[in-house]
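Notes for the one structure printed next.
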Amino acid sequence: MRTIDQIYIDGAFVTPHGEEIADLFNPATEARIGTVRLGDEVDAQAAVAAARRAFPAFSRTSKAERIDMLRRLHAAVSARPQELAAVMTEEYGAPGPVVGFSVPHAAQVFLDMALTLEAYDFSRTIGRAEVTMQPLGVVAAITPWNSNYGFICGKLATAIAAGCTIVIKPSEMSATQTQVLTERLHAAGLPAGVFNIVNGRGEVVGAALSRHPDVAKLSFTGSTAVGREILRTGAETFKRVTLELGGKGPNIILDDADLDAAIPTVLMSGFGNSGQACIAGTRVLVSQARLPEVLARLKAAVAGIQAGDPTDPATLVGPLVSQKQYDRVQGYIRLGLEEGAQLVAGGVGRPEGVERGWVVRPTVFSGVTNQMRIAREEIFGPVLSVIAYRDEAEAVAIANDTAYGLQAYVQSGDPDHARAIADQLVSGRVAINGAPHEPLAPFGGFKQSGIGREYGVFGLESHLEPRAVIS
């Protein structure tokens, strides 16, 4: 049993003012594995005050000094990968492929941002003006539970590069992961107050940060509903905002796609991170001509996917994060059946042989129309909807007929053909034939998938404001 009873403010681990205790669980066993003492509004205010005190000196640090800090953070997070991995598996239920990406990624984002910073010029001459990019001030970052390490490190790296100080409110459901990661970040020896981390509920600590007058910018990753409320609250004090929100990604299988390559890619994009991913390609668009073959291949491939114990190297789909999330996804599977969709694979309940844990059967529906709720709402679990299209014009129309626009996918045997379709998609990112994550490219969404971009130069500049001095 772990007891997490400290938060991180002004360069030190301190006992929170808040007194609420929340339980922590292992989603694979449903066992209670610890508790976390949650911060409150007083703690949020103390963290902002620390960040505000640190900002004047930190904002004047040189580019070389910040690059050194980013490299130290990379070294510190890289120092104990096995501990980070074990805690992520226990508390989040992440299977091997997810952990294998997430832990190195958390460290790598510091080097990626150092590379961006090395090439970035904070000053330029425009006409008679010298324009300099100035750090905004105190940043408040609110992060979710589905990639705890990556979101904390990514937002921290960007703030450091820009010369901003930061207060991070991670998910209280990830408190053990946060504790281990914070210990590594502390070991990097950054000046006190540059980063602060406060466990707490969104409606308490998150809300306090959103309305705090000394917070200049909000960076939030999470649901569209919560993002909408953060945007409203932040508008009262004209905060700058970056919102990375929900998704309902289309995955278009074109007729010239090699199905031997496309089917595994489609399943990975939909079932990766156990389906708990805003970038998941959950709407699989298939031409009517190839529909029977694709459905047969999907059924056979899903039968070979092991879902269950995340400590088993053969497991590809682990448990969902909580009982609440499990019940939510079960509800959507029942809804799909009620709406008239047909099961190709999976269905209600746990996989065969899995007797405990919040594990959902990897599920594929056919006979789905784009007007069904399972095709329009973000389920956040391993559930895919196959939608048939007549021609490519209809495929593009279906793909774009959504409130979201975060990440889309195209499968094709012809790169030029794939690019022609990708250019028509209203989406912040389009991945062709399983292309991997590009850490220097902008990430964010169109429409209700968010506002602004993260990563690379675009993420850096979202923390800066131009100032012109004319002479």
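I'd like the full set of residues that are surrounded by fewer than 22 Cβ atoms within 10 Å (Cβ to Cβ) and in a strand (DSSP E or B), limited to the stretch 444-453.
Ile451
Looking only at residues that are surrounded by fewer than 23 Cβ atoms within 10 Å (Cβ to Cβ) and among the aliphatic types (A, V, I, L, M) in the stretch 217-242, which one is farthest from Ile379 (Cα to Cα)?
Filtering the stretch 217-242 for residues that are surrounded by fewer than 23 Cβ atoms within 10 Å (Cβ to Cβ) and among the aliphatic types (A, V, I, L, M), the one farthest from Ile379 (Cα to Cα) comes out as Ala235.
Being small (Gly, Ala, Ser), without any contact (Cβ under 8 Å) to a residue 24 or more places away in the chain and either farther than 27 Å from Ala225 by Cβ or outside any loop (DSSP other than H, G, I, E, B) (or both) is the requirement here; does Gly331 meet it?
Against the criterion (small (Gly, Ala, Ser), without any contact (Cβ under 8 Å) to a residue 24 or more places away in the chain and either farther than 27 Å from Ala225 by Cβ or outside any loop (DSSP other than H, G, I, E, B) (or both)), Gly331 qualifies.
Which members of the stretch 56-74 meet the condition of being of a type outside the set (D, E, K, R) and surrounded by 15 or more Cβ atoms within 10 Å (Cβ to Cβ)? So that I can check it myself, show each step before the final result.
The first filter runs over the stretch 56-74 and keeps only residues of a type outside the set (D, E, K, R), leaving 56-59, 61-62, 64, 67, 69-70, 73-74.
If the condition is that a residue be of a type outside the set (D, E, K, R) and surrounded by 15 or more Cβ atoms within 10 Å (Cβ to Cβ), then Phe58, Ser59, Thr61, Ile67, Met69, Leu70, Leu73, His74 are the ones that fit.
Considering only the stretch 40-144, give the strands (runs of 3 or more DSSP E) lying wholly within it that have at least 3 residues that are under 24 Å from the mean Cα position of the chain (by Cα). Talk me through it step by step, then tell me what you get.
Working: elements: 123-126, 129-135, 138-142.
Once the strands (runs of 3 or more DSSP E) in the stretch 40-144 are filtered for at least 3 residues that are under 24 Å from the mean Cα position of the chain (by Cα), what remains is 138-142.
Which helices (runs of 4 or more DSSP H) does the stretch 352-438 wholly contain that include 2 or more residues that are among the β-branched types (Val, Ile, Thr)? Steps first, answer last, please.
On the way: elements: 373-376, 392-400, 415-422.
Hits in the stretch 352-438: 392-400.
I'd like the full set of residues that are part of a strand (DSSP E or B) and either more than 29 Å from Gln323 (Cα to Cα) or among the basic types (Lys, Arg) (or both), limited to the stretch 9-36.
Once the filter is applied, which keeps residues that are part of a strand (DSSP E or B) and either more than 29 Å from Gln323 (Cα to Cα) or among the basic types (Lys, Arg) (or both), the stretch 9-36 yields Ile9, Ala12, Phe13, Val14, Arg32.
For the stretch 189-290, which strands (runs of 3 or more DSSP E) that fit wholly inside it have 3 or more residues that are within 30 Å of Thr15 (Cβ to Cβ)?
Ranges flagged: 195-197, 215-221.
Can you tell me how many residues within the stretch 408-423 are surrounded by fewer than 16 Cβ atoms within 10 Å (Cβ to Cβ) and under 21 Å from Ser449 (Cβ atoms)?
1
If I filter the stretch 250-278 down to residues being touching a strand residue (DSSP E or B) at 6+ places or on another chain (Cβ under 8 Å) and closer than 17 Å to Val329 by Cα, which single residue comes out as surrounded by the most Cβ atoms within 10 Å (Cβ to Cβ)?
By that ranking, first place goes to Ser274.
Here is a list: Asp255, Asp214. Which entry is more than 25 Å from Gly275 (Cα to Cα), touching a helix residue (DSSP H, G or I) at 6+ places or on another chain (Cβ under 9 Å) and outside the structural domain of Val457 (by TED's automatic domain parsing)?
On the way: Asp214 fails: outside the structural domain of Val457 (by TED's automatic domain parsing).
Just a single option satisfies the conditions, and that option is Asp255.
The values are calculated or read from the model by the stated rules, or taken from the named source; none is laboratory data. What you are looking at is a predicted structure, and each value in this text was computed from that prediction instead of being measured. Every residue, glycine among them, receives a Cβ derived from its backbone with ideal geometry; neighbour counts consider all protein chains shown.
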